[in-house]
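Data block below; observations after.
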């Protein structure tokens, strides 16, 4: 079933039920976002009273729409949803994204309404996302109901995100895009009345364009299926899960948010780890990890090569590496010698050539070539490189050189700009090229530790008969 | 001695030794920053070869300068520093900021050079900041050698920061300013050859304009004095310390960075806590805490009132509060009743009026008044309020209303915008008014927990005879 999700992400015709002229209303925002984001299919506004919305012909019901409908986005009050769904079923609509709230998250009464809606959908084979959700961001389909009011790059990429929270989905779309992540799809799944996180895990797990799967989950409907899928997909691509409701307090909040039973968190964590799932503890960590796994290589072991131009940053990195079980061991004498020879006269004297390699201060004119050459010298003898330097990441030739060092050595090069406040755009460019970039060393080290753990997990797997 | 530091932060005349026409060189940047930042005193460029620098008369040595010099900023190669210092001593210069590197951070040889420099200074009573440091950011004195190339608001404020790292000092200046912090002074102290973190702790501890003292420290020269000062100052104002070199690896990096002995971290932490020092584990946490303590009130206890418009954010906040030992308990029935009556018809139905109070979705037109009124209803019966909502923090009347609620109830109101990416400027405005604002709920909760701990620490103190 879930292999059919293509029409959800790239629908040829979309109906907006509850469409509105008013851009401050959801039904108005959804129409206008399809228009401004360059959606290439047919848009059918549906509104009982209007005959035209934003210069598009509007229909009283989906049954009046002349063509086929792949996706109906429903933004009418909860009580009106089951009858609309009955019409969608009769019309043969493939997918419905139900934005409306007031279902199982409200308790008994809402649960009954949700049951009626699902029953109506099933009668015609309509698959539902939601209710109580923000819907879809699909750059490939030029469709964005998650932050319909905002300009977000419509460039497809390799990260999929599933969020059981509109807030998490919105922030992943906006903050993730700003950080340089590009998405194969983002779904806000709300109450999971029909399509669940498992369905999307299966879909994106098998999607060759998706390289990283990330999710914010409050409750899992079919734990066994979820874990079986994770076990199957983890060896192929990283699955990052931030599980909300780890505390009793949080679990209670989850119940009234998406009607979810959060389950036993400790048990979930333990089993997840066995299945290769990577755990995040916050949205920020989830984004940090997505940035990390967007890099095409994993560390080859626990030895980090640290090139710095910020002594305090080096101390912070060393402390963080020690906490994370990563090593910053002295480089071999011949490498230290090579570095000393290369750096002679280029930078102020410093005893620190052993790792961290401390550049103290490099002239602006020499900076990029000094950073790159040092990384070229160090990379072959360490398992990953991390550099805290005053790099100009907007310099495309510098990024190309970092990319080359990464590819030749098949290990990650991670950058923490000394002055991250000036480098937000540059960091985004780096991330888009698979060079993880972070504002703070602790975030970089946390992400590097997760990459290292994944490398170790992959090594621990029984080799397949073919390899 | 340290009570005299006023001429360091507000010097009437500054000499730049090693001044340059070249703005890419430190000696050039320092002159140009004094000019662009509107420094009101006299600037004396000192350069053996030039007679004019940036349209200012230049002198071959400080001895040739006609007037008195409060502060000499020294940016000549290490070997040249002791002779310059001898001249400064003869001239009667009050303070020298030694930017130059190549001293005790290099080991034995550098240590000897540093000793010579200090000896030369002592002969004339010159007090030294550095060497191996970025110097000063003093908005009140319109002086900025820390990020001389950058535009940073020159508005004085209540936060003092002392950094034994140029990188930490730079980032505190830039990122802290962007987040809305305003500073009474920032000092990058480098090797602490003369003036130490203790001197600045004493100075800012007694400075009535400084409300929050924060520091990044690698090594403490006089631990007993530091702890005695902390004990004396902590009851009056928060002291936030991020101690680098907590690990063996980090301690080694600190030694080659500022020649510091990092000491026993666990012992330092334990004693610090007794003295009321607030510990941060990263630069980000230090900034988060400075933002928190910039609020004029502390929580009155551990009960948090949570007002949200982002269900996933509520779950995250509940989980974080549970981890931090903060409670989100049901509000009294009469308060829930008041909220239900007020919210009736304004927002979609939701069972969650008990705490978290879930607004689900508020129309843009009503939003600010709904948020404020709910906080007004909740604030009297909780110990602090935290709200995750799609607020427009740039709205001054909204911020004024939040400020009123805070002042009337004498407890903090903390804001996490649902869409922080659009609210950076607004968050900064909020912080400047003493309304802590954070992009992510976990950061807000961590800061709130530190505020709560400080409130408990203050309560635990023996009451003074006067009170």
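Every number in this text was worked out from the coordinates using simple rules, so none of it is lab data. Everything numeric in this text was worked out from a predicted model, so none of it was measured. Glycine gets a Cβ as well: all are built from the backbone with ideal geometry, and neighbour counts include every protein chain shown.
Summary of computed values
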item	result
Hydrodynamic radius (Kirkwood) for the protein assembly as shown, which is based on Cα pairs only, to one decimal in Å	29.5
Pairwise FRET efficiency - residue A:344 versus residue B:261, Cβ, R0 = 41 Å, nearest 0.05	0.90
Highest-first arrangement of A:310-321, A:187-198, B:388-399, where packing means the average Cβ count within 10 Å	A:310-321, A:187-198, B:388-399
Label-zone membership for segment A:92-120, site residue A:232, 7 angstrom Cα→C-beta point, backbone N under 19 Å	none
Segment A:211-311 - convex hull of alpha carbons, volume per residue in Å³	141
Average partner coverage of A:188-200, which counts Cβ from other chains inside 10 Å	0
Separation in nanometres of the label points that stand 7 Å from Cα toward Cβ, at residue A:281 and residue B:64	6.0
Alpha-carbon centroids, segment A:357-419 and segment B:265-287: separation in whole Å	33
Of all DSSP beta bridges in segment B:297-458, antiparallel share, percent nearest 5	0
Rough spin-label spacing in nm, given labels placed 7 Å along Cα→Cβ, for residue A:396 and residue B:248	4.8
Fraction of beta bridges assigned by DSSP in the protein assembly as shown that are antiparallel (%, nearest 5)	10
Calculated FRET value between residue A:410 and residue A:4, using beta carbons and R₀ = 51 Å, to 0.05	0.90
Relative contact order [Cα under 8 Å, 6+ residues apart], chain A, whole percent	11
Inter-chain Cβ neighbour average for residues B:215-224, partner chain, 10 Å	1
Cα long-axis angle, helix B:441-460 against chain B (0 to 90 degrees, to the nearest 10)	80
Hydrodynamic radius by Kirkwood, which averages 1/r over all alpha carbon pairs of chain A, in angstrom	23.7
Cα-based shape type of segment A:297-458, given that a ≥ b ≥ c are square roots of the gyration tensor eigenvalues and the cut on a/c is 1.5	rounded
Crossing angle, helix B:197-206 versus chain B [Cα axis fit, 0-90 degrees, rounded to tens]	60
Across the identical copies, how the residue B:80 labels are spaced - nm, sorted shortest first, 7 Å along Cα→Cβ	7.8
Other protein chain Cβ atoms within 10 Å, averaged over every residue that makes up A:102-113	2
Relative contact order, percent, segment B:270-374 [alpha-carbon distance under 8 Å, six or more residues apart]	27
Sequence ranges A:434-444, A:222-232, A:4-14, ranked by mean other-Cβ count within 10 angstrom, highest first	A:434-444, A:4-14, A:222-232
Peptide ranges A:157-166, B:354-363, B:334-343, A:322-331 listed from the most packed, as the mean C-beta count within 10 angstrom indicates	A:157-166, B:354-363, A:322-331, B:334-343
Taking segment A:155-294 and dividing mean pair separation by its residue count, relative contact order in percent (alpha carbons under 8 Å, at least six apart)	26
Under 11 Å from the residue B:456 label point (7 Å along Cα→beta-carbon), backbone N, segment B:415-450	B:449-450
Helix B:248-258 axis, angle to chain B major axis (alpha carbon atoms, nearest 10°)	50
Projected area averaged over orientations for segment B:1-131, convex hull of C-alpha atoms, nm²	7.6
Share antiparallel - DSSP beta bridges, chain A, percent rounded to 5	10
Segment A:131-252: proportion of alpha-carbon pairs further apart than 18 angstrom, %	49
